[in-house]
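The values are calculated or read from the model by the stated rules, or taken from the named source; none is laboratory data. Here the structure is a predicted model, which means the values were calculated and not measured. Heads up, the Cβs are rebuilt from the backbone with ideal geometry, glycines too, and the neighbour counts pull from every protein chain shown. What goes into the accessible areas is simple: the full protein's heavy atoms, side chains included, and nothing from ligands, DNA or RNA. Shrake-Rupley method; radii C 1.70, N 1.55, O 1.52, S 1.80 Å.
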Amino acid sequence: MTTTQLTASQAPATANAVLRVPPASPAAAAAYFGAGLAFHADVSDVASALAAGGDPGFVVLDSRSTESWDQGHVPGAVHLPTALIPEQAEQLLDKSVPVITYCWGPGCNGATRAALALAELGYQVKEMLGGFEYWAREGFAFETWEGSAKRAADPLTAPVDSDDCGC
C-alpha cells in the first residue's frame with residue numbers, strides 16, 4: 001500500500017508540509033468557511049449585483065485617499081477615507097444598509113480597517129476581497145477623474161470568454 005492509499009489515521013504524522021497539521025473536521029471547516037462568507041464579498045459577486053440594476057441591497061465604500069479615488073473607483077461607490085469614518089459615516093451611510101468596503105487590493109488592509117471602524121459604529125459590513133486591483137483586473141468598468149475606463153480581463157484572475165467563472 002502506498003502513502004496515497006493510507007487512511008488519515010494510518011498516514012505518517014509528518015507526511016508532508018501540507019498534512020503535517022491535519023485538516024479540520026468537516027463541521028469545523030463548515031463553520032470557518034461559513035463565517036468567512038459572512039465577512040467577505042467577491043469582486044465578481046459585487047459587480048454582478050450592481051450590474052443587475054435596481055437596489056442591490058448594499059452600498060460600496062471606497063476607503064482610500066482622494067488621490068487614489070481619482071485614479072479609479074467602482075462606479076456608484078461612496079468615497080469615505082478610513083480616517084474620516086468616525087466623523088462622517090453617519091452623514092453618508094444608512095445603518096440599515098450593509099456596507100461593502102474596499103481599498104487597493106490584497107496587499108492592503110485599508111478595507112479591513114474601514115470595515116472595523118464601521119462595525120464599531122454599528123454598521124453591517126463586509127470586505128470586498130481583491131479590492132480595486134481585482135475590480136480592474138477582472139475587467140469591470142471603473143471611473144477616474146477623467147471619466148469611465150475599462151481594461152481587458154486578466155486571464156490569471158478572470159475568465160476572458162465568459163461572465164461566469166463557475167465558482
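Place a label point 7 angstrom from the Cα of Leu84 along the Cα-to-Cβ direction, then list the residues of region 40-68 whose backbone nitrogen is under 17 Å away. Label zone hits: 60-68. Shown for region 87-167 is the translational diffusion coefficient from the Stokes-Einstein equation, using the Kirkwood radius over Cα pairs, a temperature of 4 °C and a viscosity of 1.567 mPa s: 90 µm²/s. Averaged over its residues, the chain has an accessible area of 62 Å² per residue, based on protein heavy atoms and a 1.4 Å probe. Residue ranges 44-52, 87-95, 127-135, 31-39 sort as 127-135, 44-52, 87-95, 31-39 when ordered by packing (mean number of other C-beta atoms within 10 Å per residue, highest first). Here is how the number arises for the chain: DSSP H runs of 4 or more residues each give -39500 (n - 2.57), the sum is divided by the residue count, and the result at 222 nm is -9500 deg cm²/dmol.
Dividing the Cα radius of gyration of the chain by its Kirkwood radius returns 1.09 for Rg/Rh.
Once you have a ≥ b ≥ c as the square roots of the Cα gyration tensor eigenvalues for region 79-134, tell me rounded if a/c is under 1.5, and otherwise prolate or oblate according to whether a/b is larger than b/c. Prolate, since a/c reaches 1.5 and a/b exceeds b/c. Compared with the direct C-alpha span, the chain from Val18 to Asn109 gains 30.1 nm at full extension, assuming 0.36 nm per residue.
Taking Trp69, Trp145, Trp104 in turn, the Gaussian network model of the chain (Cα-Cα springs below 10 Å) assigns the largest fluctuation to Trp145.
Given a Förster radius of 25 Å and the C-beta distance between Leu156 and Ala31 as r, what FRET efficiency does 1/(1 + (r/R0)^6) yield to the nearest 0.05? FRET efficiency, Leu156 to Ala31: 0.20. Let me check against my output: what whole-number percent is the relative contact order of the chain, with C-alpha pairs under 8 Å and at least 6 apart? For the chain, the relative contact order is 20 percent. Compared with the direct C-alpha span, the chain from Phe39 to Ala119 gains 27.7 nm at full extension, assuming 0.36 nm per residue. Summarising the label geometry, the points placed 7 Å from Cα in the beta-carbon direction at Glu146 and Lys95 lie 4.3 nm from one another.
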